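Here the structure comes first, spelled out in structure tokens, and everything after it is commentary.
The values are calculated or read from the model by the stated rules, or taken from the named source; none is laboratory data. Everything quoted here is computed from the prediction, not taken from an experiment. Here the Cβ positions follow ideal geometry from the backbone for every residue, glycine too, while neighbour counts run over all protein chains shown. Quick note on the areas: whole protein, heavy atoms, side chains included, nothing else; ligands and nucleic acids left out. Shrake-Rupley method; radii C 1.70, N 1.55, O 1.52, S 1.80 Å.
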Amino acid sequence: MSVIEAGSEQHKRFFCQQFIDTHQVFDPDSLPWPELSETDLAKLRAVPFWQEVYHTERRAGAIVDAFTPQIADPIVREAVALQGLEEARHAKLIQVMIDRYGLDAHPQPLEKFPEDLETAFIDFGFGECLDAFLGFGAFKTARQSRFLPEAMFEIFDVLMFEETRHIVFFINYMAWRERQKGLGSTRRQLKTLRFYSRAAKRLFGMAKRGQDANDGKDFAVTQTNLFLEGFSFRGFVEDCYRENARRMEAFNPSLMQPRLLPGIADLALRGLKVWDTARPFLRRQSR
Ligand SMILES: [Fe+2]
Ligand SMILES: [Fe+2]
């Protein structure tokens, strides 16, 4: 296959059609939800972020739905409409889980969106890229430690796969959109950094709110230890990086993929390796 020029008409048709063709049809109610033991139920209920996850998915669906009618291009609009449908289905999936396992989370009023819905959509898209990348590592750690039965992870995997679809779509959408706006590569990169730092700020705010709400008690002390035992920052970054690469293999290689966060992770890991090699030598020097 010939190389597709990023941002071209051909690129646009290709990434939208890919997204549309790979949409899966399922009903969250009829997923194979497992029966959980009392111990597993207690662990699931003690996870402190179901409220946040539920709200985030409902908000995601609402932002994408609000933005969809403003998109002039029919095939882009069709693809984004499908993303809205998938986000709404994520909220439904979380809702089914809340009801089925008696989790403490409920719908909260959605904040008013800004007038500029495209910027809201872009903010949301970069947020998804960041959440997904960190989520890949966290998911791997939790799954490997068998925090919950594998059947639960298989269900969450459906959600993870769709989030990965969304970030791949978003990266391609941004490349196409910026080309339409005639932005050069330096301005594009600066803009990407600005949006990522906004996404990171929001994520820290969310983590802080979660901590405050939970007051650091039950989950932090007991449950987290179950899968954070032996936690290492480097191991986590490695998991994020490797899982990102593994999950990206499911996509057509002609699609553009998120590069910035894996690039930063790769750089950090290389830096740590150099540090490891240099450390004994530096110690000897300082004696
Ligand atoms: Fe989602
Ligand atoms: Fe998403």
Every residue from the range 156-183 that is open to solvent by 40 Å² or more (accessible area, probe 1.4 Å) and free of Cβ contacts under 8 Å to residues at least 24 places away in the same chain: Asp157, Lys181, Gly182
If we only count helices (runs of 4 or more DSSP H) wholly inside the range 1-107, which ones have 1 or more residues that are open to solvent by 40 Å² or more (accessible area, probe 1.4 Å) and within 14 Å of ligand 1 (Cβ to nearest atom)? 50-67, 74-101
Do we find that Ala200 is at pLDDT 70 or above and either within 16 Å of ligand 2 (Cβ to nearest atom) or assigned to a helix (DSSP H, G or I) (or both) in this structure? yes
Within the range 17-75, the count of residues that are among the charged types (D, E, K, R) and touching a residue at least 24 places away in the same chain (Cβ under 8 Å) comes to 9
Filter the range 246-259 down to the residues that are under 14 Å from the mean Cα position of the chain (by Cα) and part of a helix (DSSP H, G or I) and list them by number. Arg247, Met248
Across the range 42-66, the tally of residues that are within 16 Å of ligand 2 (Cβ to nearest atom) and farther than 18 Å from Leu159 by Cβ stands at 2
